[in-house]
Amino acid sequence: MDTYEPITNQLSAAEAAHAAQQWLRMLAQAGVTMLPSVGPDHATTNNSASGFAELWEQVIAVPEPTLTARTENPEPRPATASTSVDTRPAVGTPTHSTEVSPSTSTSPSPRVSQTPQPTQSPSAPRSAPNLKAITPQVAKAALATYPDLPDAERVIQLQQLKAQVKTCTHCLDLVKFRTQPVFGVGNVRPRLVMMGEAPGADEDRLGEPFVGASGQLLDKIIAAMSLRRQDVYILNSVKCRPPQNRNPTDIECLNCRPYWEGQLELLQPEVIVCLGAVASKTLLQTTQPVGQLRGSVHEYRGAKVVVTYHPSYLLRTESAKRQTWDDMKVVMNILGLSR
């Protein structure tokens with residue numbers, strides 16, 4: 001079976017197109033199918049105008065945490081913990097066992113080009129000579145073009161992908177520092193996906209995204225939208241925690257791209273919310289800041305994309321919470337959620 005092979009170069013447009021065609025053929029031969037955007041929302045909060053106002057005021061009033069994001073200076077931990085599994089389906093959604101051994105994975109791995117042409121992105125936060133980039137080779141068809149799969153099959157395929165993430169060692173800086181990769185968690189049939197940047201200390205320890213101070217605020221934002229955390233799916237652009245909570249490098253984002261692309265193709269969301277600059281830059285392949293991307297509805301392979309501020313930024317910048325609520329109202333309008 002083909003496996004990822006690390007390279008240090010980037011593909012030309014022609015090579016990328018050829019590789020994408022190869023991957024499409026591999027997917028077809030392997031019988032891998034993806035999923036349409038379906039599934040009801042589950043409102044559990046007061047849908048009145050006063051109810052939403054009250055919920056959002058709770059978000060605005062969130063106090064400063066004693067430990068804010070990106071300020072701790074943790075000691076490196078050995079990579080010994082095993083990942084926990086929590087798909088937490090919505091009410092009425094069957095619960096499935098999701099532990100899959102890496103040896104049982106049958107998903108094909110993409111082929112990569114070996115054309116030598118070393119490059120260094122000028123926008124990378126720092127030089128990373130010990131990092132090697134793998135080339136994302138995921139089919140570029142619209143998300144909604146794939147046929148539906150049963151929930152159990154979605155769980156199986158997600159766990160096969162998770163097994164690959166668990167054994168990934170492409171980013172040496174991250175591998176030697178992480179406790180465990182943080183794959184993603186939530187409803188396997190979501191209408192909404194929340195996409196962050198990289199795990200923090202709490203996420204690295206527990207193996208679940210957004211469980212620290214930023215996660216508590218994100219839960220309040222989701223509740224203010226008349227949704228529950230288990231109604232959505234939450235993932236990150238990079239699956240392993242960077243040392244000292246630094247921003248992920250461009251190469252690290254590139255290495256993780258096949259994983260979150262595979263997640264999105266299986267989940268088939270109607271809307272993707274990019275939380276912060278790293279997520280929006282990675283998903284939309286843009287260098288524009290969040291402030292310029294806000295206020296417009298973007299697109300990723302047929303799914304609507306809304307860009308807003310990362311919860312950790314909201315914890316430091318009270319004024320941005322009102323702007324984030326404006327962004328969430330756009331999401332609610334797209335999904336047809338009452339407010």
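The values are calculated or read from the model by the stated rules, or taken from the named source; none is laboratory data. Since we're looking at a predicted model, the values are computed, not measured. So basically every Cβ, Gly included, is an ideal-geometry build from the backbone, and we count neighbours across all protein chains shown. For accessibility, only protein heavy atoms count, side chains too; no ligands or nucleic acids. Shrake-Rupley method; radii C 1.70, N 1.55, O 1.52, S 1.80 Å.
Here are the numbers for this structure:
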| quantity | calculated |
| --- | --- |
| Criterion: modelled with pLDDT of 95 or more, within 17 Å of residue 270 (Cα to Cα) and touching a Leu at 6+ places or on another chain (Cβ under 7 Å) - qualifying residue of 217, 192 | 192 |
| Test: residue in region 297-312 that is within 18 Å of the chain's Cα centre (by Cα), in a loop (DSSP other than H, G, I, E, B), among the charged types (D, E, K, R) and surrounded by fewer than 22 Cβ atoms within 10 Å (Cβ to Cβ) | yes |
| Which listed residue is closer than 21 Å to residue 210 by Cβ, open to solvent by less than 30 Å² (accessible area, probe 1.4 Å), assigned to a loop (DSSP other than H, G, I, E, B) and not basic (Lys, Arg), from 337, 283 | 337 |
| Given (1) touching a Phe, Trp or Tyr at 6+ places or on another chain (Cβ under 8 Å); (2) more than 20 Å from residue 334 (Cβ to Cβ), number of the condition residue 256 does not satisfy | (1) |
| Listing of helices (runs of 4 or more DSSP H) fully contained in region 173-276 that carry 1 or more residues being under 25 Å from residue 304 (Cα atoms), open to solvent by less than 10 Å² (accessible area, probe 1.4 Å) and touching a residue at least 60 places away in the same chain (Cβ under 8 Å) | 213-224, 250-267 |
| Condition check for residue 228: within 24 Å of residue 189 (Cβ to Cβ) and within 18 Å of the chain's Cα centre (by Cα) | yes |
